[in-house]
1. Which residue, 53, 69, 87, tops the fluctuation ranking in a GNM of the chain built on C-alpha contacts under 10 Å?
2. Using the per-residue mean of other Cβ atoms lying within 10 Å as a proxy for protection, in what order, highest first, do the peptides 116-126, 30-40 fall?
3. 222 nm [θ] for the chain, helices only, -39500 (n - 2.57) per DSSP H run of 4+, per residue, to 500?
4. Restricting to Cα pairs below 8 Å that are 6+ residues apart, what does the relative contact order work out to for the stretch 9-73? Please round to a whole percent.
5. How would you rank 104, 65, going from fewest to most other Cβ atoms within 10 Å of each one's own Cβ?
6. What does the stretch 83-130 give for Rg and for Dmax, in Å, if only its C-alpha atoms count?
7. Can you tell me the relative contact order of the chain? Whole percent, Cα pairs under 8 Å, sequence separation 6 or more.
8. Pull out a ≥ b ≥ c, the square roots of the eigenvalues of the alpha-carbon gyration tensor of the stretch 9-73, then state rounded if a/c is under 1.5, prolate if not and a/b is larger than b/c, and oblate in the remaining case.
């Protein structure tokens, strides 16, 4: 296929999260996996025949056709599990535990886990710094 999506971050059609979807975008063997969680941000890590291999943030891979790609995103500044701290309050340190695409701001927002508890706040990349 020679995909131009390899190593890109993507938003995929919401049908990826619909196990009853018969649009043919999701590999038949991956329909159940796709239905278990809303897709959110995906990373294209390979291809298999006519399907892209897309990795969700939780590490689950799903094979899906390129026709379902909603848009290509800029690479996020942080990865899941990165150790970070708030720039404004350096005492607040944690791990990147989630991310989402904010349509209005056209930017990736991040969630962190501090002392095993997920903070409800959504952080902009500029508000966090990676810890060594």
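1. 87
2. Numbers: 116-126: 12.4, 30-40: 16.2.
Going from most to least packed, we get 30-40, 116-126.
3. Working: 1 runs with 5 residues, N = 132.
After summing the helix terms and dividing by the residues of the chain, the value is -500 deg cm²/dmol.
4. Value for the stretch 9-73: 40 percent.
5. Values: 104 5, 65 17.
The fewest-first ordering by Cβ neighbours comes to 104, 65.
6. My reading of the Cα-based Rg and Dmax gives 10.3, 31 Å.
7. Values: 256 pairs, mean separation 26.2, N = 132.
Value for the chain: 20 percent.
8. Details: a/c = 1.29, a/b = 1.16, b/c = 1.11.
In terms of gyration-tensor shape, rounded.
Quick note: the coordinates plus some simple rules give every number you see, no bench work behind them. Worth saying up front: this structure is predicted, and the values here are computed from it rather than measured. Cβ coordinates were reconstructed from backbone atoms using ideal geometry, including for glycine residues, and neighbour counts include every protein chain displayed.
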